[in-house]
Amino acid sequence: MAPTDSREPAGGATETCIEPRGLSRLSVRRFGLTVVEGPAVGVTWQSTTDRCSIGSHSSNHCIVDDPTVSRFHCEIVVDDTGARVRDLNSRNGTVLDGVSVLEAYLRAGSLLRVGKTVLRFELGLEVNRLPLADEPRFGSLTGASPPMRATFAMLARAAESSATVLLEGETGTGKSQAARSIHRKSGRADGPFVVVDCGAIHGNLLESELFGHEKGAFTGASERRLGAFEEAAGGTLFLDEVGELPLDLQPKLLRALEAREVKRVGANTHRPVDVRLVAATNRDLRTEVNLGRFRADLYFRLAVVTIRMPPLRQRPEDIPALVDEILASLHASPEQVEQLRAPAFQAGLRHAVWAGNVRELRNYLERCIVLGPGEPEPGGGEAAGEGFLVDPTAPYAAERVRALADFERRYFEALLRLHDGKVARAADAAGIDRTYLYRLLRRHRGEP
């Protein structure tokens, strides 16, 4: 098979249209897959939304009955940049037109190999129409762009039901706000909204945090304590960073969700609970399932309704409204507002790379209020504006070592800021071992 330039997008992938009676919808090109090699030659599949997950498990859109295919092998997404395939840390990898890829653009006629099966990708002339919310807001979230209004439409439908919701998205995309907004617009709005950050509580304490404990259950348990499930009775329990949940606790959470009952630590009986669960993660839990770090049965129980929060780079047209909202919340003076709403400044914001999304944008604007808009460049923090000044009079080897040390220091400082100082999460995001990251941090802090 001849190699394909994986950077070339399939053109004209999406468009926004307005239907009669004021109903807004997002139109995306329909695409299809045909098995051309493998156990199921001749089988075809047609998209009905903007994405397709491919794998051997029955919960995928395109099910490939092939023992060499992972449960969740890869995913195809069509948006305004084209059609992309992304490998989900599959067992045998994803091969596009003879080239092994992690993520790449597809062409019409591209051949996709998963395990021993080969699928041909085709773009159709028809479109699939995805609903958009009429209002540019959902609860505390703001966004008039098509990606956000499509997300708002899904959030609104989720709020009307009592189904478990899994919110996916990068750090700072508004998952916590989305969870709270679902609660406030649901039939449980008068009940409590209880938050448990699974990534911020040590595994030994998380079980007690979730399910409670009896007096004397362990050292320090001087009195009985209700867990989050019981505290959220009649309302909503929000499990933030559920992908960080230790493996030994996952079966207990699964039982609580399936049986709607919990057992406190140190107790002998189960207690019924009446809660609606919303979970959030910045990981792709399908990848975590493939890697054996997350139970498949728990993932299926959480992903009854899956909603992906779009990153800020996919909706730059929302930045002016977000800036207005953030400046109001920060009580910026009229002079500061005028400076930070200047067209040139706003253009710079729209072209910046916001790795931390809306949270990073807010932090940057807060710095601008204190230091002025001419300070650190958006999207890169202070490190982006420093640059490395070379000394051409020094030996090459010495300057190379100094440049590498400067890069490592600035990179890891920015990495830890992005992940709120959590070393384990930062190491995972950077793709390096946690122990190695600790060693690098000690080196750059001058520790032995």
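The values are calculated or read from the model by the stated rules, or taken from the named source; none is laboratory data. Note that the structure is predicted; figures quoted are calculated from it, not measured. Methodologically, a virtual Cβ is constructed for each residue, glycine included, from the backbone with ideal geometry; neighbour enumeration extends over all protein chains shown. Ligands, DNA and RNA are stripped out before the accessible areas are found, and what is left, the full protein with its side chains, is counted by its heavy atoms. Shrake-Rupley method; radii C 1.70, N 1.55, O 1.52, S 1.80 Å.
Please go through region 154-190 and give me each residue that is open to solvent by 20 Å² or more (accessible area, probe 1.4 Å), part of a loop (DSSP other than H, G, I, E, B) and among the small types (Gly, Ala, Ser), ordered by number.
If the condition is that a residue be open to solvent by 20 Å² or more (accessible area, probe 1.4 Å), part of a loop (DSSP other than H, G, I, E, B) and among the small types (Gly, Ala, Ser), then 161, 162, 163, 187, 189 are the ones that fit.
Taking the stated definitions as given, is residue 285 open to solvent by less than 20 Å² (accessible area, probe 1.4 Å), closer than 26 Å to residue 173 by Cα and of a type in the set (A, V, I, L, M, F, W, C)?
yes
Select from region 95-119 the residues that are part of a strand (DSSP E or B) and farther than 19 Å from residue 81 by Cβ and list them in ascending order.
Within region 95-119, 95, 99, 100, 111, 113, 114, 117, 118, 119 qualify.
Can you tell which of 280, 232 is touching a residue at least 12 places away in the same chain (Cβ under 8 Å), within 21 Å of residue 303 (Cβ to Cβ), open to solvent by less than 40 Å² (accessible area, probe 1.4 Å) and touching a Pro at 6+ places or on another chain (Cβ under 8 Å)?
Answer to the check: 232.
What are the pairs with Cβ atoms under 9 angstrom where one residue, in region 45-72, is part of a strand (DSSP E or B) and the other, located anywhere, is of a type in the set (Lys, Arg)? Sequence gap at least six, or different chains.
46/30; 51/308; 53/286; 55/71; 55/286
Can you tell me how many residues in region 242-266 are open to solvent by 20 Å² or more (accessible area, probe 1.4 Å) and either out of contact with any His (no Cβ under 6 Å at 6 or more places or on another chain) or assigned to a loop (DSSP other than H, G, I, E, B) (or both)?
Matching residues across region 242-266 total 12.
Here's a check for you: in region 78-98, which residue that is β-branched (Val, Ile, Thr) and at pLDDT below 95 is least open to solvent (accessible area, probe 1.4 Å)?
Filtering region 78-98 for residues that are β-branched (Val, Ile, Thr) and at pLDDT below 95, the one least open to solvent (accessible area, probe 1.4 Å) comes out as 78.
Looking at region 279-331, which of its residues are part of a loop (DSSP other than H, G, I, E, B) and closer than 30 Å to residue 365 by Cα?
Correct list: 282, 283, 284, 309, 310, 311, 315, 330, 331.
Residues in region 233-241: is at least one part of a helix (DSSP H, G or I), of a type in the set (Phe, Trp, Tyr) and under 29 Å from the mean Cα position of the chain (by Cα)?
no
Restricting to region 310-331, name every residue that is in contact with a Leu (Cβ under 9 Å, 6 or more places away or on another chain) and over 19 Å from residue 350 (Cβ atoms).
The answer is 330, and nothing else.
If a residue counts only when it is at pLDDT below 80, which helices (runs of 4 or more DSSP H) contained entirely in region 354-448 have at least 3 such residues?
Helices (runs of 4 or more DSSP H) meeting the threshold: 381-386, 396-418, 423-430, 434-444.
Return the pairs, sorted by first residue and then second, in which the second residue is among the aliphatic types (A, V, I, L, M) and part of a strand (DSSP E or B), the first residue lies in region 239-253 and is under 14 Å from residue 195 (Cβ atoms), the beta carbons are less than 6 Å apart, and the residues are 6+ apart or on different chains.
239/196; 239/279; 240/280; 242/279
Suppose we filter 126, 135, 75 for residues that are open to solvent by 20 Å² or more (accessible area, probe 1.4 Å), among the charged types (D, E, K, R) and not in a loop (DSSP other than H, G, I, E, B); which single one remains?
126
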